[in-house]
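The structure appears right after this line, and notes come after that.
All of the numbers you see were taken from the coordinates with simple rules; none came from a lab. The shown structure was predicted, so the numbers you read here are calculated from the model rather than taken from an experiment. In this analysis, Cβ positions are derived from the backbone assuming ideal geometry, glycine residues included, and neighbour counts consider all displayed protein chains.
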Amino acid sequence: MSETLRLETQGITKTYGHLHALNDASFDLRVGEVHALLGHNGAGKSTLVKILSGVVHPDAGSVRIDGEEVSPRNPRHAQDLGVALVDQELSLVPVLTVEENLRLGSRRAVSSADLRTLLDTLGLEHVKLTTLTGSLPIGEQQLVEIARALSRDAKIIILDEPTATLSEPEIERVFAAVRRLAAQGKSVIYVSHRLGEVLTLCQRATVFRDGKVVGTKNVADLDRAGIVEMMLGHLPEFRTGSEVRTPETPQHISIRGLAIPPRVPTFDLEVRGGVIVGLAGQVGCGASEVLRALAGLVPNSRGDVELGGVKLSLGSAVKSRAAGVFFSPSDRKEEGLFLTHSIVDNLVATRLPRVSRGGFIQKSMQEAVVSKLLGLTGIARERRELDVGVLSGGNQQKVLVARGIDQTDSKVLLFDEPARGVDVGGRADIHDLIRGAAEQGNVVIFHSTDLDEVFDLADVIVTMFAGRLVSVRTRAEATPAGVLTDMTHGEGEVSA
Amino acid sequence: MSAQARMKPRFSANEQKWPIFLMIGLVILTFAIPPLFHHSSSAFTIYNALQNTATLGLVALGLGLTMVVGEFDLSIAGTYALGGMVAVKLGTGNPLVGILAGVGVCVVFGLIQGLIIAKLKINSMALTLGGYLVALGLTGTIGDNKSQSFSNYDIGIALNQPIATLFSIRIFIGIAVFLAVFLLMNLTNLGRGMRATGGGRRASRTAGVRVDAIVIGTFGASAGLAALGGIIQAYCTATATSNPGLFPLIFAVTACLLGGVGLAGGRGGAFGIACGALTIALLAELFSTVAAPQYVSGLFTGLLLIVVTTAASPYVIRKWRERRIDKSLKLENKVLVTSDSSSKS
Amino acid sequence: MSTVNDVIPSRFSIGGMSTGQKITILVTILFLAILIFATFTTTGFYSVQNFKAIINAASLVGIIAVGMTYIVISGNLFSLSVGTTAAVCALTFMWALRFGLVGGIVITIVFGAVVIGLQGLLVGFTGANPIIVTIAAGALQEAVAIWISGGVSVYPPDNGPSFAFLASPLFGIPFPVYVFVAAVILGEIFIKKSRFGRGLYLMGESPRAGRTAGLPITRLTTGAFVVAGVCAAIAGILIGAFNQSGTMTASGTLTVDSISAVLVGGTAVIGGRGSVVRTAIGAIVIASISDLLLLRGYSTPVQLLVLGVIVTVVVILSYLNSERAGRS
């Protein structure tokens, strides 16, 4: 190979317990190259990124930068080695000025004029160094973070899904910046779910699946279908033919013109009870926001939402709950469960009115609800008084999902990533719980970034991309390749 | 750290501008309102306000610094009293010894609080409530549960002696302290580190800011500043009180919130706090000029604090931000349209 | 099997107890040892007379602390002006006696509930800082009280109803003690058994999760403050009855004492855990310590100092025990 290698990893392995997060991964990066890392959630690309940026240490394998063997100890050491990570989540301090953020924690002396030039090269000519970072649009903040990575004089820049939360004009600016970097001889690792971007921007792509590197190819030799095939590998066994649920009194929801600034411009959907709708899309596609808005958790959302002909007023979680909407959030530790309260307390937290009479909790009513739910979830009765915080992730998730089902007053059940961080067996149990709820006539809408889960659970698959609804298909019509294509680049995609 | 890496003072972005307008507005009111009640303000009114700002203003400055780093030091009302008492007890022979002892004791006190808060990640309001009681208890124990008079009257007279009608040594000390903190925060990396710590602790830590050291140091500074305010007050009135009540705290919180220091952290600085403190001091003078009964001033103080606290609440801030996002979205669309057309031409 | 151990947090592996819990037990034992030793070496501690004094002192603070417990459990830290409200309520009661005894009591309780409830409404609806709001409200109440009363004591109307029984012993035990016991029992049942109480505990543990679960945050917060207001008003009535007049100086150290009682009882300062019965124990401990120090001839400031140290230690222990301690 004639090109010089900037970075080379060989046989990197990282295990968490019995799980191989990364198994014998080898990969190389050339000077002046933009190199895509592709794969499903949990395929191993994030682990590789974490190892390169010093967050995680590999169990085995070697990393070479410019031919020299290194092992990044911590993020600061990685910085010194010339590796800069621009994280998916912004790590800027919003109340500091742009200049202050660029300098934050830096040990290099850079003049203000140099910083100015740096911003200019990233297309931020109009952004003053004295502007408060928090007042910039998210896309420009992302560019400022890229600028910070550059000001540390990095040779290798890792962009982890930099466009997930950006609008199209902002994505263009990131692209232009990345191209300029490559032209200057920097090497860029570009992690993305968006195939269109990869085809437009990158020279080579490495595809991960189940912790292994499937292969590295020149992007010029690839098309979308080819990448999708590499990412999917052998097709998983999906349920075929959907059992038709015909509940006696199906609920009905109609969503018209739901706008959630700044992420979702407009969203329309009609769902009948008994049907499970899966919103398929990657991080930042807007599906999560749609569910949260329906649950009344986004104060400035607008639109016409009707439940069985009754208008739902948005923006109040209490009103949504009273109208029969139940929401199960994706982050069970931070906003889902009450970790230092018992399983019982957590299970009845969303139905306090139902287990009480005259303002007081009735033991017998609580008992009836709890024993039924414990039976459904398969959690042992003896554990009911344990704090939820001590349960395994799978059982915690079961409690969270169970909290939403079997409500006599429920009409719409919303689940954001219902099986996040749960093993296969736990996932099957959780899916059974949700199917049972649909059978009772509830409208069920869930969001997942995981294709397998979407195909396993949904009767109707709705794909979303960059805040817009792309397609609606029944599971019978849908193919994994088709859904993956829709959720990774959408129709209104930037062409360049 | 080379000189290049340092920041030029960029005061406009670091601090809000409205505190100064608020203060100027109050100066105007101080002269405009009393005639309506057949009273009048004079240069002496301003002098009085400055005198108060020079002592209670330092307490506000101390509290404000903890608010900038995203914490809250309730114990300043205690260290204010403790500093004054220690200085009065030990400073009879040499007032400077009193100042050093008073400030020293309180700085150590503050550092200990800061250490506990930073290392154990304790809610600072809860911990400093305990600190407040301890400081107050110590003050009362040292002062035998009553006010202690300071026999060195000369120092008080010297400190209060008007200079050029509007000023005094006491006021100059106040200005010097505010100026020192202002310069320290704007000419070194310290201010940036403090605001980063308050505005995004996790992000700051990842970026390599020494977050814990900053929190600990800030609590030391806040206790020291409150003590200095208490000492000057004690010297000037030749008495140290055993229990000043919550008034210094109320003054300080209101001054900080009026001065643009948010409760969420990361915002504000010495200049805004000075403006906020002067604003309240002027307000108090305004009430005393029109000879309003004591309770009117109390009524106003309480109402003002409720209003500014509500204005600094998450709900109001969110509403305000939503309006700004809507505006900036519209603006952004406009910019895009114009840049498109310009690139075509 | 190693993976199973990985999942279990360390606090459950050390003999079923975390370091925080061990320290807590150690400190508690040490503290009780000092307390018991002190009681035996202090002349006059073990006497019926002294026990009555302790339980009487604990009663007034305890009644206010019952209400404070609701605020702390709801996750809103504490109120720094319940003592002021109690004093204002004593004034109100003296004035309202002109509407008869029942009228006076009802008016005072409603007044206290509204004054503190409004603060709760503001805190719950806007998320404003509860400590600053209550400090401001305290200053406001003081000013209004002085404005209306003219800064002098308020005495009951000359031909008003008799309220002497509120301050006199019943079967040899001071009346406030009965009220205290009743407040603790009712307060405990209400927070443990009612839907409202369950909501408070959940919200106190995690307001975010509470909102997502559809709990009425504003209503719960206001409710917690209303309970505190009712308790402060009841204490105010008893204080007024005891002094046979109402003055603002009656607030004294009631606020800090009641906060201390809640914290010393072991209710978590960050909310979500604790109980009214624990607070009652805390109130008695606080009263005993004050009594001990008084008997041994220590002045009020020393009592304050000791209180401060105890509060600080308890707050630190409460964090060492907290599951959420590590979270930023």
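Cβ-to-Cβ counts within 10 Å put B:Thr188, B:Thr279, A:Thr9, C:Thr218 in ascending order as B:Thr188, C:Thr218, A:Thr9, B:Thr279, the fewest first.
For peptide B:134-146, the mean count of partner chain Cβ atoms within 10 Å of a residue's Cβ comes to 5. Among the helices of chain B, those built from whole DSSP H runs whose Cα atoms reach 30 Å or more along their own axis and whose mean Kyte-Doolittle hydropathy is at least 0.0 are B:43-68, B:95-120, B:211-237.
When only the Cβ of Lys, Arg, Asp and Glu is charged (+1, +1, -1, -1), the dipole of segment A:252-489 relative to its Cα centre reaches about 740 debye. Look at the stretch B:306-313: the mean tally of other chain Cβ atoms within 10 Å of its residues' Cβ atoms is 6.
In percent, rounded to a whole number, the relative contact order of chain A is 15, using alpha-carbon pairs under 8 Å and six or more apart. For segment A:5-232, a crude dipole built from +1 on the beta carbon of Lys and Arg and -1 on the beta carbon of Asp and Glu, taken about the Cα centre, is about 340 debye to the nearest 20. Here the Gaussian network model covers chain B, with springs between Cα atoms less than 10 Å apart; of B:Thr165, B:Thr55, B:Thr241, B:Thr165 fluctuates the most. Applying the Karplus relation 6.51 cos²θ - 1.76 cosθ + 1.60 with θ = phi - 60° to segment A:148-163 yields 3J(HN,Hα) values of 5, 4, 5, 5, 7, 6, 7, 8, 10, 10, 9, 10, 9, 6, x, 9 Hz, where x marks Gly and Pro. Projecting the Cα atoms of A:Leu232, A:Ile146, A:His57 onto the dipole axis of segment A:5-232, where Lys and Arg carry +1 and Asp and Glu carry -1 at the beta carbon, places A:His57 farthest toward the positive end.
When the charge dipole of segment B:3-293 is built from unit charges on Cβ atoms (+1 for Lys and Arg, -1 for Asp and Glu) and taken about the Cα centre, the candidate among B:Leu286, B:Thr139, B:Val108 whose Cα reaches farthest toward its positive end is B:Val108.
Any idea which of B:Phe150, B:Gly245, B:Cys275 is furthest toward the positive side of the dipole for chain B, if Lys and Arg beta-carbons carry +1 and Asp and Glu beta-carbons -1? Result: B:Cys275, furthest along the dipole toward the positive end. Neighbours of C:Ile131, meaning other residues whose beta-carbon lies under 15 angstrom from its beta-carbon, give a summed charge of -2 when Lys and Arg score +1 and Asp and Glu score -1. Taking packing as the residue-averaged number of other Cβ atoms within 10 angstrom, the listed peptides C:85-98, A:358-371 run from highest to lowest as C:85-98, A:358-371.
Exposure proxy shown here: for B:Leu225, A:Leu136, A:Leu201, the number of other Cβ atoms within 10 Å sets the order, fewest to most, as A:Leu136, A:Leu201, B:Leu225.
Shielding by partners for peptide C:140-152, expressed as the average number of C-beta atoms from other protein chains within 10 Å of each residue's C-beta, is 4. Counting only DSSP beta bridges whose two residues both lie in the protein assembly as shown, roughly 60 percent are antiparallel. The per residue volume of the convex hull around the alpha-carbon atoms of segment C:191-248 is 96 Å³. Taking Cα atoms, how many degrees apart are the long axis of helix A:168-183 and the longest axis of chain A, rounded to 10 and kept between 0 and 90? Between the helix axis and the principal axis of chain A, the angle is about 30 degrees.
Largest GNM mean-square fluctuation among B:Ala49, B:Ala270, B:Ala252, using chain B with Cα springs under 10 Å: B:Ala49. Per residue, the average separation of C-alpha pairs within less than 8 Å and at least 6 apart gives segment C:210-328 a relative contact order of 19 percent. Helix C:130-149 and the longest principal axis of the C-alpha atoms of chain C enclose an angle of approximately 0°. Using only alpha-carbon positions in segment A:5-232, the gyration tensor eigenvalues give semi-axes of 29, 20, 16 Å once each is multiplied by 5 and square-rooted (largest first). Taking the longest Cα principal axis of chain C as reference, the axis of helix C:217-243 is set at about 40 degrees. Working from the Cα coordinates of segment A:252-489, the gyration tensor eigenvalues give, after taking √(5λ), semi-axes of 29, 21, 15 Å in decreasing order. Here segment A:362-393 is scanned for amide nitrogen atoms under 17 Å from the site 7 Å beyond the Cα of C:Lys193 along Cα-to-Cβ, giving A:362-367.
Can you tell me how chain C classifies by the Cα gyration tensor, rounded, prolate or oblate, using a/c under 1.5 as the rounded cut? Here chain C falls in the oblate category.
Dimensions of the protein assembly as shown along the principal axes, based on C-alpha atoms and rounded to the nearest Å, stand at 96, 74, 60, largest first.
Placing a label point 7 Å from the Cα of B:Ala180 along the Cα-to-Cβ direction, the residues of segment B:263-285 whose backbone N falls under 19 Å from that point are B:269-275. Within the listed set B:Lys121, B:Lys17, B:Lys327, the Gaussian network model of chain B (springs between alpha-carbon atoms below 10 Å) gives the highest mean-square fluctuation for B:Lys327. Sorting C:69-80, A:460-471, C:171-182 by their mean Cβ neighbour count within 10 Å, with the most densely packed peptide first, gives C:69-80, A:460-471, C:171-182. At 4 °C and a viscosity of 1.567 mPa s, what translational diffusion coefficient does Stokes-Einstein give for chain A, taking Rh as the Kirkwood radius over Cα pairs? Give it in µm²/s as a whole number. Diffusion coefficient, whole number: 53 µm²/s. For the protein assembly as shown, a simple Cβ point-charge model (Lys and Arg +1, Asp and Glu -1, everything else neutral) yields a dipole of about 1540 debye relative to the Cα centre.
Equivalent-ellipsoid semi-axes for chain B (Cα gyration tensor, √(5λ), whole Å, largest first): 36, 27, 19.
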